[in-house]
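Single-structure report; data block below.
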Amino acid sequence: MNATPNDAHTGPESVDWTALAPEGGERIASLLAEVTGSDTALSELHDIIEFPAPGHRAAPRAVDFLVDAACSEQTPATDRWRPLSLLLELVSVHAEDHFPEPRDLAQWRDEVAWITSTDTGKAVEQYRTWVEEAPDEQQRRRMRNRLEVLELPDGPALLQAELDTFEAIRARVPDLLELLKGAANRGGMDRAGEWVSYLLAFLTPDADRIVAGITGASQILLAKDLRPTRQAPSSLRDMMDQALAGGSEPLPAELFALGALAGPDDIDLTVALTHQMAGGNLYNSFAASVALVMIHGGNTPREALRRIGRGGGTTSGYEGLFNESWPHCGERSPQVLGFLALGRAGGRARRLRLDILPGLIKGEEDSRALVTAAGLELVLGPRTQGFTLEDHLNAEYDEETLKVMWAIAELPAQAWEDAEFREVLAAWGLPEDPEEFRTSVGVELEPEVVEPQAPAAPEPPQQQGGLFGRLFGGR
């Protein structure tokens, strides 16, 4: 495996990192040299160049070194995941912005060009207007996330660096595709093939060549009856090599990437994914079903939606199945991203998304405001309709709307302390106080049953100091 050489650098020490990242830049060269073999170096480098940290201006220059490290023949296959995981974080900034619809690169370029050539104050005001007028929650998230960066010191430069990082990673697609090949990259824990699939899935402008690379690496397009008969293993070593290679079965992460990148006109791929959906591997079946939704949207075969619903009813549940095939990017869990992505099917996936939603509202604290907004949009329509409390008091909710309202009403008191969550409720004209909310939507919680307590045992005498005293209650 040979990484494509880049004439712009001879080594990380050749770059003036301090000029790009005044805080911590002097450490970037040494961290890049250690990143493949050290979790600490990986974490520290991430903290310096992550978006939108001030040091993110160094991220575009770091891309080539990270790709070189991942692709180098000197890097053990078990260590390639580290630089790939950092590249994934850099390319999937605000991963929720990419679902259900991918970013438009041409529009992104135009926005950044306008931002960097316009007075920042004027750009900030324009983005505030776009946030308020956004026609749907995905567009609002995109505008709000960009606004929050614009309001930072050096915000335009950070937004330029975000785009430049994306373009720098795109330039290395041929090298990254090589990491899909070979038993060492496809087998075992933290395999490079899995991490690079997650990374490539976000490079939607390069969809055609990436899809060709994935299908070639996994041989997903070959029907079983056309595959050559595999030679029976003649030794334990042969058996282990075949097990590591995984035969021609695609990785669940590859199925995620195909769903994010492929188009509905690729009939051969649709047939191949249908075979995967009907296969005996639960995780691949689920991942292929979700991929079909992402590819075909409103024309998704009903069987794919049924398979996803059945997967949610297994012991793995939606959470376990999404965790196996979808990436965990930043604050967003795979299940949250999957829930958003299923919106690509519109009304056909409505009941399925409403099945997933209550668990997310109750269980995903970091994304509660985001998924609550998506749920309210799903059952009530966009926030721009200008809902009032009177609208809710006079409304007769259908079963689906009540399902969302009940999920919100049953949240513990701590959830209502989240200002962003309360802002979401207010945007739809709903009360921000939990008791007022329950009254307005007609929800009455069952009184909490208090179990009788057994008489408390007398306290043991206090222990004196020392190790046993500290372990068992002494001072």
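Residue pairs whose Cβ atoms lie under 8 Å apart, separated by 6 or more positions or on different chains, with the first residue in the range 138-165 and part of a helix (DSSP H, G or I) and the second open to solvent by 60 Å² or more (accessible area, probe 1.4 Å) and among the hydroxyl-bearing types (Ser, Thr, Tyr), are Pro156/Thr116; Ala157/Thr116; Leu159/Thr116; Gln160/Thr116.
Quickly run through the range 318-334 and pick out the residues that are within 19 Å of Glu89 (Cα to Cα) and open to solvent by less than 20 Å² (accessible area, probe 1.4 Å). Phe322, Ser325, Trp326, Pro327, Cys329, Ser333, Pro334 - these are the residues of the range 318-334 that are within 19 Å of Glu89 (Cα to Cα) and open to solvent by less than 20 Å² (accessible area, probe 1.4 Å). Give all pairs with beta carbons closer than 9 Å in which a residue from the range 271-286 that is farther than 18 Å from Gly313 by Cβ and in contact (Cβ under 8 Å) with a residue 60 or more places away in the chain meets a residue that is of a type in the set (Ser, Thr, Tyr) and exposed (fewer than 13 other Cβ atoms within 10 Å of the Cβ); count only pairs at least 6 apart in sequence or on separate chains. Final answer for the pair search is none. Only a single item in (1) surrounded by fewer than 21 Cβ atoms within 10 Å (Cβ to Cβ); (2) over 29 Å from Pro76 (Cα atoms) is not met by Leu159, and it is number (1). Among the residues examined, Ala29 does not qualify as closer than 22 Å to Leu163 by Cα and either free of Cβ contacts under 8 Å to residues at least 60 places away in the same chain or of a type in the set (Lys, Arg) (or both). Select from the range 396-443 the residues that are in contact (Cβ under 8 Å) with a residue 24 or more places away in the chain and of a type in the set (Ser, Thr, Tyr) and list them in ascending order. Result: Tyr397, Ser440.
Here is a check on your reading of the model: is Glu13 assigned to a helix (DSSP H, G or I), farther than 24 Å from Phe202 by Cβ, modelled with pLDDT under 95 and more than 20 Å from the chain's Cα centre (by Cα)? Lay out the reasoning, then the answer.
Details: assigned to a helix (DSSP H, G or I): yes; farther than 24 Å from Phe202 by Cβ: yes; modelled with pLDDT under 95: yes; more than 20 Å from the chain's Cα centre (by Cα): yes.
So Glu13 passes the test.
When the range 78-103 is filtered for residues that are farther than 20 Å from Val149 by Cα, part of a helix (DSSP H, G or I) and open to solvent by 20 Å² or more (accessible area, probe 1.4 Å), the ones remaining, listed by number, are Thr78, Asp79, Trp81, Arg82.
Across the range 172-191, the qualifying residues are those that are in contact with an Asp or Glu (Cβ under 9 Å, 6 or more places away or on another chain) and assigned to a helix (DSSP H, G or I), and the one among them that is most open to solvent (accessible area, probe 1.4 Å) is Ala183.
The single condition among (1) surrounded by fewer than 22 Cβ atoms within 10 Å (Cβ to Cβ); (2) farther than 25 Å from Arg307 by Cβ that Gly363 does not meet is (2).
With respect to Ala53, is the statement that it is small (Gly, Ala, Ser) and either buried (at least 16 other Cβ atoms within 10 Å of the Cβ) or in contact with a Cys (Cβ under 9 Å, 6 or more places away or on another chain) (or both) true? Talk me through it step by step, then tell me what you get.
Working: small (Gly, Ala, Ser): yes; either buried (at least 16 other Cβ atoms within 10 Å of the Cβ) or in contact with a Cys (Cβ under 9 Å, 6 or more places away or on another chain) (or both): yes.
So Ala53 passes the test.
Of everything listed in (1) part of a loop (DSSP other than H, G, I, E, B); (2) surrounded by 16 or more Cβ atoms within 10 Å (Cβ to Cβ); (3) not acidic (Asp, Glu), the single unmet condition for Thr315 is (2). Restricting the range 374-395 to residues that are more than 16 Å from Leu357 (Cβ to Cβ), part of a helix (DSSP H, G or I) and in contact (Cβ under 8 Å) with a residue 40 or more places away in the chain, which is nearest to the chain's Cα centre (by Cα)? By that ranking, first place goes to Arg383.
From the residues in the range 275-291 that are open to solvent by 60 Å² or more (accessible area, probe 1.4 Å) and assigned to a helix (DSSP H, G or I), which one is farthest from Thr215 (Cα to Cα)?
Taking the candidates together, the pick is Leu282.
Of a type outside the set (A, V, I, L, M), open to solvent by 50 Å² or more (accessible area, probe 1.4 Å) and at pLDDT 95 or above, is that true of Pro153?
Details: of a type outside the set (A, V, I, L, M): yes; open to solvent by 50 Å² or more (accessible area, probe 1.4 Å): yes; at pLDDT 95 or above: no.
No: the conditions fail for Pro153.
The values are calculated or read from the model by the stated rules, or taken from the named source; none is laboratory data. Just so it is clear, the structure is predicted and the values come from calculations on it, not from any experiment. Methodologically, a virtual Cβ is constructed for each residue, glycine included, from the backbone with ideal geometry; neighbour enumeration extends over all protein chains shown. Only protein heavy atoms, including side chains, enter the accessible area calculation; ligands, DNA and RNA are left aside. Shrake-Rupley method; radii C 1.70, N 1.55, O 1.52, S 1.80 Å.
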